[in-house]
Amino acid sequence: MAQSSLVNRWSSLAPYFLSALRIAAAFMFTLAGSSKLFAFPAGKVAAFPTQMWFGGVLEFVGGLVLLLGICTRPVAFVLAGEMAVAYFQFHLPTSFWPTMNGGVAAALYCFVFLYLSAAGGGPLSLDARRRR
């Protein structure tokens, strides 16, 4: 009986873990964009108007918007598409296996963002606050 109660309490936190997943993924994604646009915290500034620069803009701005949880579903859908393009255009031609072609992050971001496009931003988002 105690186990069932613990499982129920843990399961009731699922919406908050959804928000935590969104916040963590968006923060790291924003850093990927800031590396391309500002060389912060490390990296090389991508030249305008290259595909890498536009990717950096999507990652930085889209990451910030997702971090706040604004328009989570459409923004996450666009970012999932960006990561699918990144994977198939830059990583897959090198090797089929993500661990061999350096595409683990792109593939994982693609599916995390695809999930967020369906699930939304969770209760700790500006989208949720706007619905109240």
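Just a few scattered comments:
- Cut-off 14 Å between beta-carbons: net charge of the residues surrounding TYR109, Lys and Arg +1, Asp and Glu -1: -1
- Options (i) 41, 33, 25; (ii) 39, 37, 30; (iii) 57, 35, 25 - which one matches Cα extents along the principal axes in Å as calculated here: (iii)
- Theoretical FRET efficiency, 1/(1+(r/R0)^6), r = Cβ-Cβ of TYR115 and SER5, R0 22 Å, to 0.05: 0.20
- For the chain, built as a Gaussian network whose Cα springs stay under 10 Å, the top-fluctuating residue of ALA14, ALA76, ALA84: ALA14
- Counting 0.36 nm for each residue step from ALA105 to ILE70 and taking away their Cα separation leaves a gain of 10.3 nm.
- Helix-only mean residue ellipticity at 222 nm for the chain, each DSSP H run of n ≥ 4 adding -39500 (n - 2.57), per residue, nearest 500: -22500 deg cm²/dmol
- Gained length - MET28 relative to PHE40, 0.36 nm times residue gap less alpha-carbon distance: 3.1 nm
- Computed FRET value (nearest 0.05) for LEU13 with VAL78, which takes r as the C-beta separation and R₀ as 35 Å: 0.75
- Seen from GLY81, the other residues with C-beta closer than 14 Å to its C-beta sum to a net charge of -1, counting Lys and Arg as +1 and Asp and Glu as -1.
- Counted residue by residue at 0.36 nm each, then reduced by the alpha carbon distance between them, the extension gain from LEU21 to LEU124 reaches 36.0 nm.
- Efficiency of FRET between THR50 and PHE88 - r from beta-carbon atoms, R0 22 angstrom, step 0.05: 0.75
Coordinate-derived values only; no laboratory data. A quick note: this is a predicted structure, and the numbers were derived from the prediction, not measured. Glycine also receives a Cβ, built like all others from the backbone with ideal geometry; neighbour counts cover every protein chain displayed.
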